[in-house]
Every structure is written in structure tokens, then in C-alpha cells.
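Asks: Right, I'll just put the structure down here and ask away after.
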Amino acid sequence: MRSIRRSLLGYLLVLIALALGAVGVLVDRFANAAVRTREASEEDRIEQAFKARHAEAKAKFDADLMAEAKALATEVQYKTAVLLGQNEPMRRLTPIEQVVAQVGGILLGHTPERRPGGPGGFGGFGGPGWPGRGAEPQPPLKASTEEARLFRLRSAMLEFVPGPSLLAALAPVAAVEPNLRGNDPRRHHPYPNWVEFDGPRVVARVQESLRASLVDDDHARPYQFQLTLVATYPNRAGRNVATLGARVVEDALLVAPEFLEPAPDVEPKFDDVNISDLGSCRRVVSGTTPGGRPIGFFLPLPAPPAPAVIAQYKNYPPFRGADMMLRVIVHTARPYSELDSRLVADQKERDNQLARVRAETREELVNLRARLVVIGAGTFAALVLGGWFFVARGLAPLRLLSDAVSLVSEKDFRLPVVPTELGHELAPIHARITQTLTLLQRAFAREKQAVADISHELRTPIASLLATIDVALRKPRTPEQYRGTLEECRLISKQLGQLVERIMTLASLDAGNDHTHVARIDAGELASGCAAVIRPLAAANNVTVSIHAEEEVILNTDPGKLREVLMNLLHNAVEYNDPNGTIELAVRRAGETAVFEVRDTGIGMTPEVRDRIFERFYRADSSRHATGVHAGLGLAIVKEYVARLNGTLAVESEPGVGTTFRVTLPALTIVSTLVPADRAKPGRAVPAAS
């Protein structure tokens, strides 16, 4: 047998377990979201800090590279100026004076005596006449083989001109004068091709000198570098480009076009290059000194010795400008591997911080879930222990009711507990049990009374039968006397048979063995038959029976049970009527139902009697028994039959006025027709036969 306490506790614990599980899942979800959000925020903070340090390292890397480029540019400017004889005092001369001073440059192999006033140079670029400004890139400047031969021939002839006469000096010049166009600046020039012939050699000598000064020395540099020498020539197309630098980058770094053109406003430029031996590198390209001045030099190329007749001129040919401009472009590069090596520690620290944040997050989630499990398990255990006690406390009224019910016996049907002690929920159960016990008590009482009544009803006829037989046996009788005695015995036996038959009918109804046999009948015709049967008994008691059938009613019902109901009602109306009284049997239709009414003008009933007339073996007036068996079973049978026919039974009675029994039955089919001519007219009483 299942325990209510265990069931309630089990249901409660299942509900609580589900609630705790749902709350735990929600808490875990929200906590996990919060922890993950915090983890993401912390990771983002670490990433931002790493990016900031990376940007700082990158900026410092670029700043260091720029500082190295400026230092190299300063060194290149100084050493190139020394090589070209353009020191700082010479820069205070005018541009014309600087050009004139280049005639005696020591770099070109001339003696100091032939240097007019020492070296000099320009600190800026030429004017619009310089080729290449805004023009297409120029090809390399180089004299052809024929031009080189003519240049050497012309130089030899002019060097050995005899005599100091001007005509004697000009005659060889005219003899070797090239056939040039009239607008060619080289026309009427003693050495028209000496720039093309000697310019590339000057660039090569400068390249070698700088390589010996910057590359082949023992000075260790923390960076890789390359120098690009760009020589351009006024009024001549073409230029010469030469490179020098560290072995791993020499001739590997290209120059942007804007640096090849002689422009004074080109700023240092950062870019990324790929060097085969170094990989990806960061480069700074600069053509200026740290002060912003371009690294450029204007150079006049010294011609061969002039004839003695014109040796008096300091500058020969007279009043010529600079023959070439030499610019130096500095490339400074460092591999990104150096920057990456600086960031390795930061990356490792970042990775360690991220790993620590993730580990702390996992540990925190594990601890949180462990706490949730411990709290949930502890709560559940506490509820198991406390729930058993509190459920028992809550079921105490039920135990009290159970104990009270156990005290009920066949001698005492009272429930020894009041509803206020049981609580609101058990009050209806208490009321229902009390009602059931009351009904059981009444049933026991009725059964006892029934046994007593049956005993009484059977004892009287049997005693009368025995007395009649004893009287007949006391002495010999005549046949007529024996016949009379047998008639009395037959009448008494008939009464006993009717009583036993009614008791068996009620027993069959109680056992459910009685069956209903439905048939289509005419209600008025059945009522007329019952009235015809009861008229002799009514006439014997000076009672008039009439029937009223307003219309013909056809219905489906059990005719035997309906006839028994009407006969019992008519019989009671005769038995409990006054002399010269009347009985009226009416049949009518009320909607979809058929109504049978039995009215009498008898003694009537009080409300107390009316409430008990359907009880078995109850008799309102036990003195009225002259017409047959009066065991109080007729109306009980009527009530059972009406219920079996799905009908209703109502009683209206007033003491001294009369009683009306009303039976209402449902009709599946009700057909109204005119009453036949041989039937009694509506409202007309049919007198009883005399």
C-alpha cells in the first residue's frame, strides 16, 4: 500500500529538485556569461596593452632608425664634402665663386697651385635649366667611342700648341672643331665632350672613395645601409647612378623616382623592403641632412691644361658654370627580426597573462559550479529531512480523521471529531463521511425495522392460519365447515404470497436483476385499463374513480412497470380515502414528457409523513389494512420503478384535503391525436360501477 506521506514528500522533492535544477542552470548560465564577459574584457585589455607596447616599440624602432639615418647622413655629408674639397668656409662664397673654385679640385688630380682659391661648392640645386625636373627619367650619361677618341685628340693638340700667339692657339682649335648645330652649347668649345668623357669617371672615383671611407673601415654599424650617388648635368640629357653600402644590401635597394629627380623638398621616407639575406626590413630613405639641407654638390669638371697663350685666365673656358650636380641618397634599413626580438618578451608576457586569465576563469567556473552543487545538495538534504517532518505535521488532521473513523461501530455511528480540528481541506470529507454514516445508520435502522416488520407481517397471517387449522381440527366438521376453513386458509396464503412477492421484487431491484422491457404504448389506454381494474375495489369503499385524457399520448416505456406504478397509486388512493370520496386519474402531455396524476380526497399527509412514505415497511396509518396486505412496500416499489423508467415522482398533500401523486416520464415519440368517440370526453368523470 502506498504511503501518502512518502508520495507527497516524493512529489514535493521532485518539484523542489526541478526548481533547484532550473535555478542552478539559470545561475550557472548568468554566472558563466558574466565571467566570460569579464574574461573577454580582461583579454581585450591585455591585447590593447600589448598593441600599445607594440606601437611604442614600433615607434621607437622607427625613431632609432631615423636617428641612425640622420647620423649616417651627417657622416656622408661631411666625408663627401671633404672628398670634394667643399668644406664649411667655402660655403660662404657665392655660387659663381664656388663654381670657379671647382676648377682646381684635388679629387681630379690637379695640383694645389692650379686650384683657384681652394675648393667650393653649392649648398642647393640648380635652377630650371637642370634636366630631369618634372621630366621623364634620363638615360645614363656616357661618351661614345668616337667622342672619346676626338676628345683625346683635341686635348693632345691643344696641349702642344706652339707659341704664345692667339691665332696660333686658335688654329688647332678650329682644325679639330666638331661639326655641331648652331644652338649646341658645345660649339666653339675647346673640349666639347669632356663632361660625357670625364663625368662617369668622377662618379666612380667618388663611389670608391666613399666605399673606402664608410664600408671598408672598422666602424661597426648596428644597421644596414646603402648610398645611391646620382649625378645630373646641366643642359645635357642623362645621368649617372652608382651605389655602395653593406655587402648584404648593396645594389639591392631601389630608389623611388622622386629621389632621383633634383627636388629640394623631398622629405625622409619610411617604407618596407625585402632583402634576400635579411628578410622583411624597415627602411628610411633620405636625401637631406638632419638640418633639412639636401646632400648635394655642384661640381665643375676641370678640363685639360689650356694653351699658354690663354693661361692667364683663371677659369678656362672663361665664365662657365658647374658641369655636374652630385647628390647622395642615404638608405638605412633594419630587419623586422630585431623588432620581433624586442616583442618576444611582450608576446610571452601577453600569452602568459591570457593563459592566466583563462585558467582563472575556468577555475572560477568550476568553483562556482561546485558551490552550486554543494548548496543544491545541502538544500535538498535539508528538505528531505525537514520535509518528512513537516509533511507528517501536515497530515496530522488526516491521521486524526482516520482515528475517528476507526472508532465508528455498528452501535455508534457518530464521528468523534469536529470539522474545525481537521482544517479547511478535510471539512468536505468530514461532511461526506458524516452524511454516509447517517445514511448507514438509517439503513441499519431500516433493515432492523424491515426485519421486525417482515417478522410481524409474516407472523400475523401464519398465526391466523395456524389458529384456523387448530379450530378446524378440534372436532369433526361437516364438509361445508371444512370448505369454509379451507377458503380462509386460501385467503391467508394468498396474502402471504403477495407479501413475499413484493419483498422479492424489492430484493431483485436492489440486486440489479430487474430488467426494463421497452415497448410503444398508448398512455391513455393503459391508464383506462388500470382505472377499470381498480373500480370494483373503489365501489366497495363508496369511492368514485374518473379518468381525464385530454389527448392521446404515445410513448416508449415498460408497460408492466408503468401499470404497477399506477395500480399502487390507485390502490393507496382507495385505501386512504374517505367514504364517498373521489379519485381522479389524469393523463396529459407537457412538452416532450408524459404526466400521470392521481388525485384523491382522502385524509392527506403531514410533512413528516410525506418525507417517509417511500421508506420500506413504513405505514402512515396501520389501522387501514382491510383491503389487503399493508406492509408499507408499495410506494417503495413505485419509487424504484419510476427511477428505472428515468422519470420523476412528486407528492403534494394536505391533511384533511387530499393527496396528489405526479409521475413524469420522458417520451421518445409523443403523438397527439383526437380522442376517439368511445373514449371519455375531456373533463368528464367516469363513474365507478356499482
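The values are calculated or read from the model by the stated rules, or taken from the named source; none is laboratory data. The structure displayed is predicted, hence computed values, not measured ones. Glycine also receives a Cβ, built like all others from the backbone with ideal geometry; neighbour counts cover every protein chain displayed.
Asks: Could you please tell me which pairs satisfy a Cβ distance under 6 Å, a separation of 6+ or placement on different chains, a first residue in segment 586-599 that is in the same structural domain as PHE661 (by TED's automatic domain parsing), and a second residue that is among the acidic types (Asp, Glu)?
Replies: ALA586/GLU597; ARG588/GLU550; ARG599/GLU584
Asks: Follow-up question, since we're still on this one. How many residues does segment 403-436 hold that are polar (S, T, N, Q) and surrounded by 12 or more Cβ atoms within 10 Å (Cβ to Cβ)?
Replies: Residues that pass the stated criteria total 2.
Asks: Looking at (1) free of Cβ contacts under 8 Å to residues at least 24 places away in the same chain; (2) of a type outside the set (Val, Ile, Thr); (3) within 30 Å of ARG490 (Cα to Cα), which is the only condition ASP412 fails?
Replies: (3)
Asks: Cβ-Cβ below 6 Å, separation at least six or inter-chain, first residue in segment 244-262 and in the same structural domain as ILE329 (by TED's automatic domain parsing) and without any contact (Cβ under 8 Å) to a residue 12 or more places away in the chain, second surrounded by 16 or more Cβ atoms within 10 Å (Cβ to Cβ) and among the hydrophobic types (A, V, I, L, M, F, W, C): which pairs?
Replies: Pairs that qualify, where the first residue is in the same structural domain as ILE329 (by TED's automatic domain parsing) and without any contact (Cβ under 8 Å) to a residue 12 or more places away in the chain and the partner is surrounded by 16 or more Cβ atoms within 10 Å (Cβ to Cβ) and among the hydrophobic types (A, V, I, L, M, F, W, C), are GLU258/VAL266.
Asks: Given the conditions (1) exposed (fewer than 12 other Cβ atoms within 10 Å of the Cβ); (2) in contact (Cβ under 8 Å) with a residue 24 or more places away in the chain, which single one is not true for TRP388?
Replies: Just one mismatch for TRP388, condition (1).
Asks: When you go through LEU167, LEU227 one by one, which is the residue that is touching a Leu at 6+ places or on another chain (Cβ under 6 Å) and modelled with pLDDT of 60 or more?
Replies: Unique residue meeting the criteria: LEU227.
Asks: Taking segment 20-53 as the search range and keeping residues that are of a type in the set (Asp, Glu) and in contact with a Leu (Cβ under 7 Å, 6 or more places away or on another chain), which one is farthest from LEU368 (Cα to Cα)? Give the steps one after another, and end with the answer.
Replies: Of segment 20-53, the ones of a type in the set (Asp, Glu) are 28, 39, 42-44, 47.
Restricting the remaining residues to those that are in contact with a Leu (Cβ under 7 Å, 6 or more places away or on another chain) gives 28, 43.
Values: ASP28: 8, GLU43: 21 Å.
Once the filter is applied, the top-ranked residue is GLU43.
Asks: Additional query: Report, ordered by the first and then the second residue, all pairs with beta carbons closer than 8 Å, sequence separation of six or more or different chains, a first member in segment 505-528 that is at pLDDT 85 or above, and a second member that is loosely packed, with under 13 Cβ neighbours inside 10 Å.
Replies: ARG520/THR669
Asks: Being within 22 Å of VAL657 (Cβ to Cβ) and of a type in the set (S, T, N, Q) is the filter here; which residues of segment 524-578 pass it?
Replies: Across segment 524-578, the qualifying residues are ASN541, ASN542, THR544, SER546, ASN568, ASN572, ASN577.
Asks: Right, here's the next one. Looking at segment 541-565, which of the residues that are assigned to a helix (DSSP H, G or I) and in contact (Cβ under 8 Å) with a residue 60 or more places away in the chain is surrounded by the most Cβ atoms within 10 Å (Cβ to Cβ)?
Replies: The initial filter retains those residues of segment 541-565 that are assigned to a helix (DSSP H, G or I), namely 559-565.
Going one step further and asking which of them are in contact (Cβ under 8 Å) with a residue 60 or more places away in the chain, we end up with 561-562, 564-565.
Details: LYS561: 20, LEU562: 24, GLU564: 17, VAL565: 28.
Of everything passing the filter in segment 541-565, VAL565 is surrounded by the most Cβ atoms within 10 Å (Cβ to Cβ).
Asks: List every residue pair whose Cβ atoms lie under 6 Å apart, where the two residues are 6 or more positions apart in sequence or sit on different chains, the first residue falls within segment 566-584 and is touching a residue at least 40 places away in the same chain (Cβ under 8 Å) and part of a helix (DSSP H, G or I), and the second residue, located anywhere, is surrounded by fewer than 19 Cβ atoms within 10 Å (Cβ to Cβ) and charged (D, E, K, R).
Replies: From segment 566-584, the pairs are GLU575/ARG624.
Asks: Let me ask another. So in segment 389-416, with the set limited to residues that are among the β-branched types (Val, Ile, Thr) and under 56 Å from the mean Cα position of the chain (by Cα), which one is modelled with the highest pLDDT?
Replies: Step one: list which residues in segment 389-416 are among the β-branched types (Val, Ile, Thr), which gives 391, 405, 408.
Those left that are additionally under 56 Å from the mean Cα position of the chain (by Cα): 391, 405.
Numbers: VAL391: 76, VAL405: 83.
That would be VAL405.
Asks: Any residue that is under 30 Å from LEU422 (Cβ atoms) and in a helix (DSSP H, G or I) - is there at least one of those in segment 365-377? I'd like the intermediate steps shown before the answer.
Replies: Filtering segment 365-377 for residues under 30 Å from LEU422 (Cβ atoms) gives none.
So far as segment 365-377 goes, no, none of its residues is under 30 Å from LEU422 (Cβ atoms) and in a helix (DSSP H, G or I).
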